[in-house]
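Below is one structure, written out as structure tokens, with a few remarks after it.
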Amino acid sequence: MNVKSKEAYRKMMGRKYLFLLSILVAIFLTFILDIMTGPASLSAKEVISTIFFPAYSERSVQVIVWTFRLPVALMAVVTGITLGLAGANMQTILDNPLASPYTLGISAASGFGAALAIVFGVGVLPFADTLFVPINAFVFSLISCMAIYGIARFKRATSETIVLTGIAVLFLFDSLLALLEYTANPEQVQAIVFWLFGSLTKTTWNTLGITVGIVLLVIPLLAIDVWKLTALRLGDDKAKSLGVNVERMRLKGLILVSILTSTAVAFVGTIGFIGLVAPHIARMLVGEDHRYFLPFSALSGAFILSTASVLSKVVVPGIIFPIGILTSLIGVPFFVWLLLYKKRGYW
Amino acid sequence: MKLEIKNLKFGYNSTPVLKSVNMVAEPMITAIIGPNAVGKSTLLKCICGILKAEGSIIFNGKDLKEYRKDEVIKAISYLPQESSTSAVMTVLEATMLGRINSLGWRINDEDLSASMDTLEKLGIEELAMRPMNELSGGQKQMVSIAQSIIRKPKVLLMDEPTNSLDLQRQLELFDVIQTITEDNGMTTVVALHDLNLAARYAGNVVLMNGGKVVASGSPASVITEAMIRKVYGVNARVTLDGEGIPQVIPINSTRKCRIKKAIMG
């Protein structure tokens, strides 16, 4: 291999690591900012010293940081990672830039499952009392994923058919949710609506722990397939000829997407556009070598949700704006920009 | 190494596509020719294992079913018809994927060198850092070839590799295929529509019709005026050039043009 090429390759890798460092710094800044902002403003110094040396901080600051803001700020980062990974994986396995847990109705299905459990206290697995909300969310998201997968396999359906099926799934579960709201009493309706807006404020250390645990469980399962996922982007036939079991990869991918989406939806509510937009940002920055594409999608998701979390507290002073509304408001113009950018060949 | 196909049968659902295909491919270029929908692409997919067919595929004296999966993947490389992939990755990254089984989380010097050496061999090393989605159809096809030959396969299967290439690119591509076939002693099997390219570059031509092999042998023995009339339904003039290579000049269709019939009544 000639020296010039090796240098060019190293330069390319150097650029990717620079992006990686930049996004990590950006996430750290928004994370600190997220803890600083709220009804009682804290300085960056107070936040950092309270996180690392809580014993030296005032009791009130300790409570604000450790009980209220730190789990929320961490949940924003972890949920962003969850949705970014789910979106990236879905766009790759379905070979479709419009695929995301939100646009294909998986979030809606998951939301319906969780709402069913919240309102009626009905779980599909009656023995799992404490976990019936996330389990319900997971089962319904799995049902929607399998419906999309089934259609995808049926007579070699095109990606357009998959997207249309996803839209049908979205409408189906939105209708079922509307039916649920129609039959519920006013207090229950209020609870569903507030919950569907998406909010990080319900976060506890327990829900954060479960979410982190699930993400840590899924990451190695995705990491072992990075090259196979990259090969999938060359088309099914080429990937198969390279020894990739395309059918198995799709099935595994959809199950992982279900797990990630249902986890996020069960604890935070339906948060749109992150799963769609984060992979596009990653693709533009580092391309589709999945060794970088997946981590970058995750980190882009974390950055967007962490930023949205800060904005949710400053957009209307004194009120925490529902984060799901904010991500959609930010996401829509960004999505339109992406559609225009598409001309330059990023999908 | 010799590739022998015996009594190969395959169908999509209840529709038979390959009906007892028998053929032999030696270390040279073998062109599979025939009209549309006679099973050329299906045959290639069956050979590389993408489709599971009945019958035997004997490679180097042993049935492919007796080889381990990774041995088959290493030995047989398949190039599908030009795909509309819009993958956002550099040429170097795409080429490396040809060695997917040896790639780890960290790219080692051996993988990098193999990729660059392959691109150099094909004369496209200057494209190494270019994004795939910015390449022309011909350049993408060259990258696909690089991806296919990087693991030094014994058998190279190509499905219509000259689709969407201009005349010059078609000849350049086949010059490359011929060189790598000869240099590596590869058994190259190419499904082709262009009879003149098949005649010029293939040492062996296999003619398929109705899911079967109806003729095989040297280009001059298979590509004849009578064959073209019978199988393609086209009147053509076939002449031999100075090297004894057939040249096909199509004249007209022997069947009534359905479009003309529909318009004129």
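The values are calculated or read from the model by the stated rules, or taken from the named source; none is laboratory data. Being a predicted model, the structure only gives us computed values, none of them experimental. With ideal geometry, Cβ positions are generated from the backbone for all residues, glycine too; neighbour counts draw on all protein chains shown. Heads up: the accessible areas ignore ligands, DNA and RNA and are worked out on the full protein's heavy atoms, side chains in. Shrake-Rupley method; radii C 1.70, N 1.55, O 1.52, S 1.80 Å.
If you roll a 1.4 Å probe over segment A:189-282 with all protein chains in place, what percent of the accessible area is carbon or sulfur?
71
Can you give me the angle between helix B:137-149 and the longest principal axis of chain B, using Cα atoms only, in degrees from 0 to 90, rounded to the nearest 10?
70
If R₀ is 35 angstrom, what is the calculated FRET efficiency for the pair B:Ser113 and A:Met284, using the beta carbon separation as r and rounding to 0.05?
0.75
Under a Cβ-Cβ cut-off of 12 Å, what is the net charge of the residues other than B:Asn235 that fall near it, where Lys and Arg count +1 and Asp and Glu count -1?
Cβ neighbours under 12 Å give a net charge of +3.
Helix B:167-184 sits at what angle to the longest principal axis of chain B, using alpha carbons and giving 0 to 90 degrees rounded to 10?
For helix B:167-184, the angle is close to 60 degrees.
Calculated FRET efficiency, A:Ser43 and A:Tyr182, Cβ-Cβ r, R0 41 Å, to nearest 0.05?
With a Förster radius of 41 Å, E is 0.25.
List the residues, sorted by chain then number, that are 5 or more residues from B:Gly55 or on another chain and whose placed amide H is less than 5 Å from its amide H.
Those lying under 5 Å, H to H, from B:Gly55 are B:Lys9.
Write down Rg/Rh for segment A:1-136, rounded to two decimals, with Rg from the C-alpha atoms and Rh from the Kirkwood relation over Cα pairs.
Reported Rg/Rh, Kirkwood definition of Rh: 1.13.
If the elastic network links every pair of Cα atoms under 10 Å, which of A:Gly301, A:Gly272, A:Gly331 fluctuates the most in the Gaussian network model of chain A?
Sorting by GNM fluctuation, first place goes to A:Gly331.
What size of dipole, in debye to the nearest 20, comes out for segment A:173-272 about its Cα centre when the only charges are +1 on Lys and Arg C-beta atoms and -1 on Asp and Glu C-beta atoms?
Charge dipole of segment A:173-272: 480 debye, to the nearest 20.
With no solvent and one equal point scatterer per Cα, compute the Debye intensity ratio I(q)/I(0) for the protein assembly as shown at 0.12, 0.13 Å⁻¹ and report its log10, rounded to two decimals.
For the protein assembly as shown at q = 0.12, 0.13 Å⁻¹, log10 I(q)/I(0) is -1.17, -1.29.
What does the charge count around B:Gln178 come to, taking other residues whose C-beta lies under 13 Å from its C-beta (Lys +1, Arg +1, Asp -1, Glu -1)?
-3
Using the Karplus equation 6.51 cos²θ - 1.76 cosθ + 1.60 (θ = phi - 60°), what ³J(HN,Hα) coupling, rounded to whole Hz, does each residue of segment B:95-108 give in order, writing x for Gly and Pro?
5, 4, 4, x, 9, 3, 6, 9, 7, x, 5, 9, 7, 8
How much solvent-accessible surface does A:Phe273 expose, in Å² to the nearest 10, with a 1.4 Å probe and all protein chains in place?
Rounded to the nearest 10, the figure is 40 Å².
Need one value for B:106-119: mean number of C-beta atoms belonging to other chains within 10 Å of its residues' C-beta atoms.
Across B:106-119, the average partner-chain Cβ count within 10 Å equals 2.
Per-residue HN-Hα couplings for segment A:169-186, Karplus 6.51 cos²θ - 1.76 cosθ + 1.60 at θ = phi - 60°, whole Hz, x for Gly and Pro?
Per-residue couplings from phi come out as 4, 4, 5, 4, 6, 5, 5, 5, 5, 4, 5, 4, 5, 5, 8, 7, 7, x Hz.
Apply the Karplus curve 6.51 cos²θ - 1.76 cosθ + 1.60, θ = phi - 60°, to the phi angles in segment B:201-210 and return the couplings in whole Hz, x for Gly and Pro.
Values, residue by residue: 9, 8, x, 9, 10, 10, 9, 10, 7, x Hz.
Would you calculate the separation in nanometres between label points at A:Val315 and A:Ala223, each defined as 7 Å from the Cα along the Cα-to-beta-carbon direction?
3.5
Which parts of segment B:214-252 would a label at B:Lys19 reach, counting a residue when its backbone N lies under 17 Å from a point 7 Å out along Cα-to-Cβ?
Hits in segment B:214-252 for B:Lys19 at 17 Å: B:214-215, B:231-232.
What is the distance in Å between the Cα centres of segment B:36-107 and segment A:231-292?
23
Distance between the C-alpha centers of segment A:7-54 and segment A:177-205? Whole Å please.
So the two Cα centres are separated by 33 Å.
Whose amide H sits under 5 Å from the amide H of B:Ile32, counting only residues 5 or more places off or on another chain, with H placed in the peptide plane?
Residues meeting the amide H criterion: B:Val190, B:Ala191, B:Leu192, B:Val206.
Quote the FRET efficiency, to the nearest 0.05, computed for B:Arg237 versus B:Lys2 with a Förster distance R0 of 45 Å and r equal to the Cβ-Cβ distance.
Here the calculated transfer efficiency is 0.80.
Can you tell me the accessible area per residue over chain A, all protein chains present, probe 1.4 angstrom, in square angstrom?
Averaged over the residues of chain A, the accessible area is 44 Å².
Looking at the square roots a ≥ b ≥ c of the eigenvalues of the Cα gyration tensor of chain A, which shape do they give, rounded for a/c under 1.5, prolate if a/b is larger than b/c, or oblate?
oblate
With no solvent and one equal point scatterer per Cα, compute the Debye intensity ratio I(q)/I(0) for segment A:163-278 at 0.10 Å⁻¹ and report its log10, rounded to two decimals.
-0.45
Might you work out the accessible area of A:Ser41 for me, using a 1.4 Å probe with all protein chains in place, and round it to the nearest 10 Å²?
A:Ser41 has an accessible surface of roughly 100 Å² with all protein chains in place.
Too long at a 23 Å Cα-Cα cut-off: which of A:Lys4/A:Lys238; A:Lys4/A:Lys240; A:Lys16/B:Lys121; A:Lys11/B:Lys152; B:Lys52/B:Lys154?
Those over the limit are A:Lys4/A:Lys238; A:Lys4/A:Lys240; A:Lys16/B:Lys121; A:Lys11/B:Lys152.
Could you compute how much accessible area chains A and B hide from each other, both sides summed, with a 1.4 Å probe? Nearest 100 Å² is fine.
3000
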